[in-house]
Amino acid sequence: MIDTSDFRNGLSIIQDNDIFTIVEFQHVKPGKGGAFVRTRIRNLRTGATIEKTFRAGEKMEQAHIERKPMQYLYNQEDEYFLMDGQTYEQVSVTRAAIGDPVKYLKDGMEVQVVDHAGVIIGVEVPFFVELEVTETDPGVRGDTASGGSKPATVETGAVINVPFFINVGDRIKIDTRTDNYLERAK
């Protein structure tokens, strides 16, 4: 058991029969009344971020989370198969366990599997991926980097907005957390 004085960013706790990770927290000591801790916590199963207030000294159970690297192999419908690089053991996870970043999965990509008490509760893809543009409108002379953007489809099928100067065949770097184009990959 831990209490609010043990809070730190990245700590995982069990709250309302769900597992949450602390995104940020702030100890508040008002002039009147008892102290409390204001937090933003993210649900590891759904990915939803909520704000929650705890009384100072409130006790809760710490969730022991294990992250291990695995390699993405392939998918069949909504089932995704991963392999442990050490033991060559293969596991399957649902599309829901991976969430929205599933659109960036590429064969052979290394992902982080989040495990709690022997049960896979989530899969985290890298924050940044480099993918090749497979489909986009051609750039037109005079289009600049400071201009607007156009949709582009990358090799995994994801569609993101890119600057006008990006063409089919270009490799680009994408932030998987925000679905934003970052730069051309070298």
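Each value in this text was obtained by applying a stated rule to the coordinates, not by laboratory testing. The model shown is predicted, which means the values in this text are computed figures rather than measured ones. Every residue, glycine among them, receives a Cβ derived from its backbone with ideal geometry; neighbour counts consider all protein chains shown.
Charges only on Cβ, +1 for Lys and Arg, -1 for Asp and Glu: so what's the dipole of segment 2-62 about the Cα centre, in debye to the nearest 20?
240 debye
Stokes-Einstein D for segment 65-124 at 10 °C, 1.306 mPa s, Kirkwood Rh over Cα pairs, in µm²/s?
After rounding, the answer is 140 µm²/s.
Provide SER5, SER12, SER92 in ascending order of the number of other Cβ atoms located within 10 Å of each residue's Cβ, fewest first.
SER5, SER92, SER12
Say the dipole of the chain comes from +1 at the beta carbon of Lys and Arg and -1 at that of Asp and Glu; which of GLY57, SER149, VAL125 then lies farthest toward its positive end?
GLY57
For the residue pair ASN161 and ALA117, what label-to-label distance in nm results when each label sits 7 Å from Cα along the Cα-to-beta-carbon direction?
4.4 nm
Amide H neighbours of ILE19 under 5 Å, counting only residues 5+ apart in sequence or on other chains, H built in-plane at 1.01 Å?
Hits under the 5 Å cutoff: LEU44, ARG45.
Hey, what D do you get for segment 72-170 in µm²/s if you plug the Kirkwood alpha-carbon radius into Stokes-Einstein at 20 °C and 1.002 mPa s?
139 µm²/s
Once the dipole of the chain is set up with Lys and Arg at +1 and Asp and Glu at -1 on Cβ about the Cα centre, which of SER12, VAL102, VAL28 lies farthest towards its positive end?
Sorting the options by dipole projection puts first VAL28.
Any idea how many Lys pairs in the chain come in under 20 angstrom at the alpha carbon, given 8 or more places apart or on separate chains?
Pairs that pass both the separation and distance tests number 9.
Would you calculate the separation in nanometres between label points at THR49 and LYS106, each defined as 7 Å from the Cα along the Cα-to-beta-carbon direction?
Simple spin-label model gives 2.7 nm for this pair.
Given +1 on the Cβ of Lys and Arg, -1 on the Cβ of Asp and Glu, and no further charges, what dipole in debye does the chain carry about its Cα centre, rounded to the nearest 20?
940 debye
Largest first and in whole Å, give the semi-axes of the chain's equivalent ellipsoid, each being the square root of 5 times a Cα gyration tensor eigenvalue.
With the √(5λ) rule applied to the chain, the semi-axes are 38, 24, 11 Å.
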